Amino acid sequence: MSRSLFHHTYFVLGFQHQIQTRKVLTNCCNTNLMNYVYAGRDAVKTIFKINTDNRNNNFNLIRFLAATTVLYSHSFISVIGDIRADPLYFRIKMTGGGIAVDIFFLISGFLIVRSLLKRSSIKAFIWSRLLRIYPALVVAILFIVFIIGLIFTKLPVSEYLSNSGTYRYLIKNIFTVNAIRDSLPGVFTNVPFKNIISGQLWTLPYEVMMYGIMAGLGLFFLCFKNKLYTPVFQDKSCFCFSVLSRYLTLLAMNLSKNKLRCIKFTVLFLFTVSFSLNIIYHFYPSVSSIYTRLFIRFFSLFFTGATAYMYREKLYFSFWLVLPAVLILAASTFQKDVFFVVYCITLPYLVFYIAYVPINFLHNFNKFGDYSYGIYIYAFPIQQSVISLLPKITIIGMTILSFCITFILAFLSWHIIEKNALKLKNKI
């Protein structure tokens, strides 16, 4: 009996010891788990502050995917010949390419305001923007005019080369200050989307405008003195001028005290106004022209990105905020107007979360280069060439074949032209 009692006592004590041990381990695990969760939350919360001044982000990857999405969306246009052929259009009245362009402007605003604040002068800022856009663009336009154009024009070579339309296309698209020219004489006259060779370049003038606006803002804050602000608008009979005059006067009073704070407030002001106008113009499109609506759309996205940079230390990023944002965005597709409003609110958060999500292997994409610009400027001429040679090609076939050819050109553009041009940024 004593031995049985001993075994029973040993079993009970041992069982209790196991329970206590499990409780201790559970508490330890819970503590470690909570520490991990809080550490992860803090890391995501401060990730903008940690990574904005280095390459530990996914902007190259996002832009690469966005450029590829534009290519995919344009495959429907090239093969079918209708800009509304993208399947997303019937659901949300937006195309995949349109969403990708919005992402480009959003990221551009974030990175451009960072570039402006880091540069030693406005001249250095403008020089760096010129180097990023124009060397690759000039080569691409020359390639389109004198290779694709000569191959696919229906005109005799001598007539094509002597046609004034050829050189209007060349000059207008290289400068991209006001607008671009879509067609070359006799080129792509027998394809579904007729006569269009540069359907991808129409957003570049807006991008250049954004650069000019940022340079103007930088010059405004850099060069003007307090006494120059107040008399800018003396006509108080106009409400808008009165408000702007008061704003500039207030700005002048605070500029000498805290220039960065004034810049942040101005960027926030421009974002608020343009974001509101973008929503208003969506619901009341008849009050403005298509060009005004496009300008406000891109201006709003650009300054959304700029505002995100200026207030980056106040941004909180968490998967548990991203998840409901995605679910709400998906649910809002039942009605295109509801989707547009939700889209304008959630897109910036989703893009910047993906840009700085702490997944190290995604950062490795930066080692390969930035091919997004090359894909963007070469894709549509290649797609039009493909459909001209293979009129029976499918959407999937067009996407795959045109991507392979375009990527080769983008690869060469980055390693031969763009990367070497960017090395000249510090030469001024």
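Values as computed for the structure displayed
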item: Selection status of Gly216, surrounded by fewer than 18 Cβ atoms within 10 Å (Cβ to Cβ), at pLDDT 85 or above, farther than 30 Å from Ser73 by Cβ and out of contact with any Pro (no Cβ under 9 Å at 6 or more places or on another chain); result: yes
item: Selection from segment 283-322 of residues that are part of a helix (DSSP H, G or I), within 30 Å of Pro358 (Cβ to Cβ) and either over 20 Å from the mean Cα position of the chain (by Cα) or of a type in the set (D, E, K, R) (or both); result: Arg312, Glu313, Lys314, Phe319, Trp320, Leu321
item: Leu422 being at pLDDT below 95, surrounded by fewer than 16 Cβ atoms within 10 Å (Cβ to Cβ), hydrophobic (A, V, I, L, M, F, W, C) and within 20 Å of the chain's Cα centre (by Cα); result: yes
item: Cβ pairs under 6 Å, 6+ apart, first in segment 367-395 and outside the structural domain of Lys194 (by TED's automatic domain parsing) and surrounded by 24 or more Cβ atoms within 10 Å (Cβ to Cβ), second among the small types (Gly, Ala, Ser) and not in a helix (DSSP H, G or I); result: Phe380/Gly199
item: Residue satisfying condition, being within 14 Å of the chain's Cα centre (by Cα) and either more than 30 Å from Ile151 (Cβ to Cβ) or modelled with pLDDT of 95 or more (or both), within set Val351, Val386, Val357; result: Val351
item: For Leu130: the one exception among (1) within 20 Å of the chain's Cα centre (by Cα); (2) modelled with pLDDT under 90; (3) surrounded by fewer than 18 Cβ atoms within 10 Å (Cβ to Cβ); result: (2)
item: Residue that is farther than 24 Å from Phe303 by Cα, in a helix (DSSP H, G or I) and at pLDDT 95 or above, where the choices are Thr399, Thr346; result: Thr399
item: Identity of the residue in segment 83-117, under 20 Å from Leu401 (Cα atoms) and not aliphatic (A, V, I, L, M), that ends up surrounded by the most Cβ atoms within 10 Å (Cβ to Cβ); result: Gly97
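The values are calculated or read from the model by the stated rules, or taken from the named source; none is laboratory data. Computed from a predicted model, the values in this text were never measured in an experiment. Positions of Cβ are generated from backbone atoms using ideal geometry, with glycine treated the same way; all protein chains shown enter the neighbour counts.
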